[in-house]
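Okay, structure first, notes after.
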Amino acid sequence: MSAALGGGAVRTLRVPGRHGYAAEFSPYLPGRLACAAAQHYGIAGCGTLLILDQNETGLRLFRSFDWNDGLFDVTWSENNEHVLVTCSGDGSLQLWDTAKAAGPLQVYKEHTQEVYSVDWSQTRGEQLVVSGSWDQTVKLWDPTVGNSLCTFRGHESVIYSTIWSPHIPGCFASASGDQTLRIWDVKATGVRIVVPAHQAEILSCDWCKYNENLLVTGAVDCSLRGWDLRNVRQPVFELLGHTYAVRRVKFSPFHASVLASCSYDFTVRFWNFSKPDPLLETVEHHTEFTCGLDLSLQSPTQVADCAWDETIKIYDPVCLTMPA
């Protein structure tokens, strides 16, 4: 079923010639959304960072910034409501300030291939960014310093996803085409845990907001799997239903056992892994690969996504507007 209008109207912004790769709600400003996009499906051409605001009538473009290569991911600063970091096909990260019309403020160029993932740490007291690249490395950055602080090696294929633990300072996870999920500590040089999570490339991972030991992975095998870091021999759950690769997975900030996924099958799916029938809802409002997905930190019902069909959408799926 399509939940397009069930929980209220879908707000849509069409961005001609731009194919959406990532979307992230501002942690500060309700209704503000950032989207990283690329021309020509990210294969060639430039990239654009889009800053959107929502109002009663829909979505409006607040500001956009162009870069000379495709932008594949975006993360908001956790200590300045105007600042974000993007990453690009040319191996660089860019620091932007939405209060300034031009940019970027700074460019960090060390990766030797596409940078597919970037994330700003959420734990208080540290302002660090991790980036994951097709050069098979993860790099650690302090945005106030021009050079990376550390490089983490060990993955044997491209890295698609890097994400900080929301619980443990200095701890982050990475997911790779080498079919592993890896857990790292910035205070240690080597990897802490290696999980052979799928027999396929893993395109995304996320940490549960309510359990420091629980992560989810999404892979080319169309499945999502949950992992308890205290015992990684078997997944604690497996969620099946997507018909093509799972591109991005996100745990809910409001419900301990609810998560969302988007896929190359054009759908976004919502799940409750604690239920015998875990699939809550399937949203089918895109006509191309759906790559970007985020759940609002301010509204328990609001979701944003973006796709290669040149649209960005904000909506309230039915399953999040009804009591759990």
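The values are calculated or read from the model by the stated rules, or taken from the named source; none is laboratory data. None of the values given here were measured: they were computed from a predicted structure. Backbone-built Cβ (ideal geometry, glycine too); neighbour counts: all protein chains shown. Accessible surface areas use protein heavy atoms only, side chains included; no ligands, DNA or RNA. Shrake-Rupley method; radii C 1.70, N 1.55, O 1.52, S 1.80 Å.
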DSSP-assigned coil residues among GluC sites (Glu not before Pro) in region 236-309, each with at most 15 further Cβ atoms within 10 Å: Glu284, Glu288
Rounded to the nearest 10 Å², the 1.4 Å probe accessible area of Asp265 is 20
Distance histogram in 10 Å bins (all Cα pairs of region 188-324, percent per bin): 12, 44, 34, 9, 1
Area of Leu295 that stays accessible when all protein chains are in place (1.4 Å probe, Å², to 10): 10
Suppose all protein chains stay in the model; what accessible area per residue would a 1.4 Å probe give for the chain, in Å²? 38
With a ≥ b ≥ c taken as the square roots of the eigenvalues of the C-alpha gyration tensor of region 110-178, please select rounded if a/c is under 1.5 and otherwise prolate if a/b is larger than b/c or oblate if it is not? oblate
Length added when fully stretched, Ser274-Thr12, from 0.36 nm per residue minus Cα-Cα: 91.1 nm
Distance between region 149-197 and region 43-67 - C-alpha centres, whole angstrom: 30
About the Cα centre, and with charges only on the beta carbon of Lys, Arg (+1) and Asp, Glu (-1), how big is the dipole of the chain? Nearest 20 debye, please. 420
What does the C-alpha gyration tensor say about the overall shape of the chain? Classify as rounded when a/c is under 1.5, otherwise prolate if a/b is larger than b/c, or oblate. rounded
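Could you tally the net charge around Val83, taking each other residue with its Cβ under 12 Å from the Cβ of Val83, Lys/Arg +1 and Asp/Glu -1?
-2
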Just need the relative contact order of the chain here, percent rounded to a whole number, with Cα pairs under 8 Å and 6+ apart. 15
Under 1.5 on a/c is rounded, so check that first for region 13-66, then, if it is not, pick prolate when a/b is larger than b/c and oblate when it is not; a ≥ b ≥ c are the square roots of the alpha carbon gyration tensor eigenvalues. prolate
Cys319 - accessible surface, heavy atoms, 1.4 Å probe, Å² rounded to 10: 30
Could you size up the charge dipole of region 210-295 around its Cα centre, putting +1 on the beta carbon of Lys and Arg and -1 on that of Asp and Glu, and report it in debye to the nearest 20? 260
